[in-house]
Amino acid sequence: MRLSVRFNDKWFVVPCGEGHNTVQWLIEETMRRSEGAPGSEKSPLTSQNFEARLAKGGAMLYPNDAINEVLDDNDFVRLSGKYSERLCDFAFSI
């Protein structure tokens, strides 16, 4: 199983094996991959500052759900800041 994840204006393909890991793992793995991407800066943000949503329709994904229970192979997911840009200057609207 693999997913395409949009984070910080970049797309990442994240292999998820059989999908037994959680959505929280997907957020953390995408952030880890983004740190090594060309043109990226290491961010002091943690995965708890972000939420995952389906790219189509915007349904929120619960962090403790297993990936294979809420997503299908080749789904598109986006990570965005949990907080409004007015409240925090680190929020990303992707």
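The values are calculated or read from the model by the stated rules, or taken from the named source; none is laboratory data. The shown structure was predicted, so the numbers you read here are calculated from the model rather than taken from an experiment. All Cβ positions, even for glycine, are placed from backbone atoms using ideal geometry, and neighbour counts span all protein chains on display.
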Original post:
Of everything in region 1-18 that's touching a residue at least 60 places away in the same chain (Cβ under 8 Å) and not small (Gly, Ala, Ser), which residue is nearest to ASP75 (Cα to Cα)?
Top reply: LEU3
**OP:** For region 16-40, name all the residues that are modelled with pLDDT under 95, out of contact with any strand residue (DSSP E or B) (no Cβ under 8 Å at 6 or more places or on another chain) and among the charged types (D, E, K, R).
**Re:** GLU28, ARG32, GLU35
Original post:
What are the residue pairs meeting all of these: first residue in region 19-31, first residue crowded, with 20+ Cβ neighbours inside 10 Å, second residue among the acidic types (Asp, Glu), Cβ atoms under 6 Å, and 6 or more apart or on different chains?
Top reply: VAL23/ASP65
Original post:
Pairs, please: C-beta under 7 Å, at least 6 apart or cross-chain, first residue within 10 Å of LEU3 (Cα to Cα) and in region 55-82, second part of a loop (DSSP other than H, G, I, E, B) and charged (D, E, K, R)?
Top reply: PHE76/LYS56
Original post:
Across region 46-80, what is the total count of residues that are closer than 14 Å to CYS16 by Cα, part of a strand (DSSP E or B) and aliphatic (A, V, I, L, M)?
Top reply: 2
